[in-house]
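K.L.:
Before we start, here is the structure in question, set down as structure tokens.
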Amino acid sequence: MRFPIFALLAPIVTSVILWLVTGSAYTLLFALLGPIMALAQFADGKLQARKSEKLKQENDDEEEITQRARELEQRQAERDELILKYPAASQWALPTNNLRPAWAASAQPEGTQRLIRIGLALREGKPVVVDAHSGIAVCGDEVEARSALRAMGFQLLWTWGLSEASKMGWSVGGEPELDQFASSNHQPADVILHRVDRAEVLPSGVRYLLTINRGRAVLRDVVDPLIRDVELQVDLLTRAESNRIITLLNAESVAAQARHAPISTIPNSVSAVINTSSEWEHSRDSLLVCAGRKHDHPLILDLVQAGPHAVIAGMTGSGKTEFLLSWVLSLASMYSPQRLSLLLIDYKGGAGFSRVKDLPHVAGVLTDLSPQQTRRAISSLQAEIRYREHVLAKAGVADISELPEEVELARLLIVVDEYRVLAESFAECAALFVDVAARGRSLGLHLILSSQRTGGVITDAILANCSLRVSFRVSDKADSHTLLGVEDAYHLPHIPGRALIQGTEVPLTEFQAARTTDEDLHAVLKKSQRWLDEKPLWEQHVPWKPELPREIASSEMPPPLENSAWLGILDIPEHQAQEWTPYIPHQDGNLLITGPARSGVSCAVASLHSELGGLVLRDSEIAWDAVVEEPESLLREGTRVFIEDLDHLLDCFGLEHREQFIASLMRCVRLAPQRNAVFVIGSKENPRGTHALVDLFPMRLQLLSASEPGRGLWRGHQIQLVHGSDLQSELGQWGKMICEEECSYAVITHRKTSLIRSLTKAYGDRVSALKSALTVSPSANFPIVIGTPDEWMLNHAQLAEMREAGLLILDGCSPSEIRGLRLKSGLFPHAENDTALVVEPDGSTTRAVLRT
């Protein structure tokens, strides 16, 4: 607070004025009030400020305490909510437990993850929850490890059903009470909970390692080392507690069986019906198989009549892929490759359809491991629609079933496992499948789309034409309602392969899907091989052309074209075509070929040059003379100029020569179309400092990678180029410098000592260094004077005199040094390091190699 100066001065001034007016000395006593009032006011202000500051500090402290309490309360509420959502397994063993298992109460969590609680984090006290499908290994004391595994395993049983027992690895955990629930035919890969003795050796498919020591544990993510380890108080479950939980699970299991008593005749496992006879179904009217069993009767399914397209939904592990394999294999046993063709798209890694990929019916197997092949196939399917329309129109029929027997056109079944991933990877496939779904019935094109969920994944435009719907158990009632119109698929029992089906003239029916074995596959392969042996000339119609060859020799080219050159084979999947494509200079104009190192740029330029002929600019000196000194020679009618490696050529120039060369080259390229000339230039993908030049090329051939030399993009399609021979270009061959007897020479060089030594051997006392030039003997009327650029700058008068009377030799001088010698305002021609410029008195230049 500032001292109150005005309160101090005001009484003093007032008392002086009163004394001057009244003349009474007593009025001066008022002056004493100024300091007293000022001090009192200052003290009062200090006191109030201190109180205000204290009050503000108290308010701030109270607000901070309140905020901390609120945050603590919020964290506590979040912790309580998480603990309520993810309780410890031991809670279900309490005598006061009146909860039902989540699967029995129809309250399974959404999604396909198996989120289970491991314990409570030591720092925050929140439950540590992980996805058990990622794989969990437990290491530590035998008793603690088994108790921890037991706690995790019973969370799976309580939340997702008794069929989860097959994933718990109880051969290690030692729970004989659960053997009745474990599937007898589950594979080791199904196990997601493991007991390990050492942390260094983990089973395949394990992401989390839980190390326990006296109730305390550390959870480590062994896949992503960037994720910090979590210290926690691990959840344990005793054998006695697990027995009480098993009692509850058994009771709910019996109740569930009672609720499903009316349909209890549906078996839990059904073998596929495979046609092993030598007979084939030759009709084009149907695609008939036995898909499984409903009650005591087989489920006979005709995709043509009940579909003609199908959508399949279901959670992971519900049996979708096995059903697809059984369906495909059963069809292959009924219909010959002449009547049925299969396109299998597996976007779950490619392992699902690997068992049936060797069937002759299979036109191709596409996976997420080969996205480029999938993109080609999607484009080719558009052409397949047009091809089939043409076949039907030529035969004069409206449906594939009406085709004459001699016309070969098989029904094409497109099976997609995990359609959601495919649609997210290729946006264009949605429009394609809408088209196939709308027009596929008469053309013999059929879709079977499988996905974990249908809502928001398979569009209404596709569903509208997919009358056949199959739903295995789903985790969301909305998915069941979207696909079937009812919520029944949500309440299906936890039996792999149990599903509901609905289609044209197929009422909503629960059934058990058929499963195939390796013996079934071998039987169909053997039957198909016999058919192939009987028809050795049969060739399968594939909806797309094979991949382009990795290399095409020049000997494979078609006959040469006049004023054109063959580039290579162009892949046009949308037209199911692969054809030779030419480069036509007078139509296409200038051509720029780009690509990374060793991708085939040089070979492409060489191939075009061998077919078209023309001038090759590889040597920097010749290129400079042609482009900068004599550009009109490149712009004559019909001239064809080839530059193999523009980047290497530009690197030969200094900065100023480079800029001048690019400017002159741009002018030539710009004027070339008007003069009926053509430039073919090879370069890297992003030539440094040549963006304006690149924009002048209307045609570009982009090579893709060094791993596939010659593979590139031309007019928006992939192309494999012809493998050409190396370019044979003209190199600069300059003669050695011979100094005439009646001519003087001024040599400007950085190699002063070596040149003096070498030229003295040839010309004797005519040779002298610049610093001793004035002492040349009288007989040396035409001296050869050698000096560095700096020395000649100091003797400029002598340089001018010798330039008028003789020749000037520039050996390795930079443009800046030449400007310093005031020899020329512009640039001298470019010269390589081993070449010198010979300047005549009239300013004309030639190149020569100095004697060394």
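K.L.:
Kindly provide the set of residues from region 303-358 that are of a type in the set (A, V, I, L, M) and in a strand (DSSP E or B), ordered by number.
P.N.:
Across region 303-358, the qualifying residues are Ala310, Val311, Ile312, Ala313, Leu340, Leu342, Leu343, Leu344, Ile345.
K.L.:
If you don't mind, another one. Residues Val601, Val616: which one is surrounded by 19 or more Cβ atoms within 10 Å (Cβ to Cβ), touching a Phe, Trp or Tyr at 6+ places or on another chain (Cβ under 7 Å) and closer than 27 Å to Ser554 by Cβ?
P.N.:
Answer to the check: Val616.
K.L.:
Checking the structure you have, find out if any residue of region 606-615 is under 24 Å from Ala831 (Cα atoms) and either β-branched (Val, Ile, Thr) or not in a loop (DSSP other than H, G, I, E, B) (or both).
P.N.:
Yes, because at least one residue in region 606-615 is under 24 Å from Ala831 (Cα atoms) and either β-branched (Val, Ile, Thr) or not in a loop (DSSP other than H, G, I, E, B) (or both).
K.L.:
Between a first residue in region 649-667 that is over 15 Å from Ala831 (Cβ atoms) and a second residue that is surrounded by fewer than 16 Cβ atoms within 10 Å (Cβ to Cβ), which pairs have beta carbons less than 7 Å apart while being 6 or more apart in sequence or on different chains?
P.N.:
Ile662/Gly689; Ser664/Pro631; Met666/Ala692; Arg667/Pro631
K.L.:
Where residues in region 89-103 are surrounded by 19 or more Cβ atoms within 10 Å (Cβ to Cβ) and of a type in the set (A, V, I, L, M, F, W, C), which of them is modelled with the lowest pLDDT?
P.N.:
Trp103
K.L.:
Okay, moving on. Quick one: how many residues across region 490-520 are in a helix (DSSP H, G or I) and either among the acidic types (Asp, Glu) or modelled with pLDDT of 90 or more (or both)?
P.N.:
3
K.L.:
Go through Ala431, Ala438 for me and flag whichever is assigned by TED's automatic domain parsing to the domain that holds Ala313 and free of Cβ contacts under 8 Å to residues at least 12 places away in the same chain.
P.N.:
Ala431
K.L.:
State whether one or more residues within region 454-465 are within 30 Å of Ser283 (Cβ to Cβ) and among the small types (Gly, Ala, Ser).
P.N.:
yes
K.L.:
Provide a single number: the residues in region 685-718 that are assigned to a strand (DSSP E or B) and farther than 15 Å from Leu592 by Cβ.
P.N.:
The qualifying residues number 3.
K.L.:
Moving to a separate point now. Pick from region 656-691 the residues that are of a type outside the set (Ser, Thr, Tyr) and under 30 Å from the mean Cα position of the chain (by Cα): which of them is modelled with the highest pLDDT?
P.N.:
Gly682
K.L.:
Condition first: surrounded by fewer than 18 Cβ atoms within 10 Å (Cβ to Cβ) and among the small types (Gly, Ala, Ser). Now tell me which residues in region 203-227 satisfy that.
P.N.:
Those that are surrounded by fewer than 18 Cβ atoms within 10 Å (Cβ to Cβ) and among the small types (Gly, Ala, Ser): Ser204, Gly205, Gly215.
K.L.:
What's the total number of residues in region 85-97 that are part of a helix (DSSP H, G or I) and in contact (Cβ under 8 Å) with a residue 60 or more places away in the chain?
P.N.:
Total meeting the criteria: 4.
K.L.:
Take region 794-852 and flag every residue that is of a type in the set (Asp, Glu), farther than 19 Å from Gly654 by Cβ and in a helix (DSSP H, G or I).
P.N.:
Glu801, Glu804
K.L.:
Now for a separate question. For residues that are outside any loop (DSSP other than H, G, I, E, B) and acidic (Asp, Glu), scanning just region 639-672, find the one that is surrounded by the fewest Cβ atoms within 10 Å (Cβ to Cβ).
P.N.:
In this case the residue turns out to be Asp651.
K.L.:
Still on this model: Run down Arg851, Arg847 and say which single residue is modelled with pLDDT of 80 or more and touching a helix residue (DSSP H, G or I) at 6+ places or on another chain (Cβ under 7 Å).
P.N.:
Result of the check over Arg851, Arg847: Arg847.
K.L.:
Follow-up. Could you list, in sequence order, the residues of region 47-84 that are out of contact with any strand residue (DSSP E or B) (no Cβ under 7 Å at 6 or more places or on another chain), in contact (Cβ under 8 Å) with a residue 12 or more places away in the chain and within 27 Å of Pro101 (Cα to Cα)?
P.N.:
Within region 47-84, Glu78, Arg79 qualify.
K.L.:
What number of residues in region 208-258 are basic (Lys, Arg), closer than 22 Å to Asp197 by Cβ and in contact (Cβ under 8 Å) with a residue 24 or more places away in the chain?
P.N.:
3
K.L.:
Which condition from (1) touching a His at 6+ places or on another chain (Cβ under 7 Å); (2) part of a loop (DSSP other than H, G, I, E, B) is the one that Leu548 breaks?
P.N.:
Just one mismatch for Leu548, condition (1).
K.L.:
If you don't mind, another one. For region 580-605, which residues satisfy the criterion of being closer than 11 Å to Phe642 by Cβ and part of a helix (DSSP H, G or I)?
P.N.:
Correct list: Ser602, Ala604, Val605.
K.L.:
Based on what the data block shows, is Glu510 in contact (Cβ under 8 Å) with a residue 60 or more places away in the chain, of a type in the set (D, E, K, R) and within 30 Å of Ile385 (Cβ to Cβ)?
P.N.:
Criteria not met by Glu510.
The values are calculated or read from the model by the stated rules, or taken from the named source; none is laboratory data. Note that the structure is predicted; figures quoted are calculated from it, not measured. When we count neighbours, we look across all protein chains shown, and the Cβ atoms used for this are built from the backbone with ideal geometry, even at glycine.
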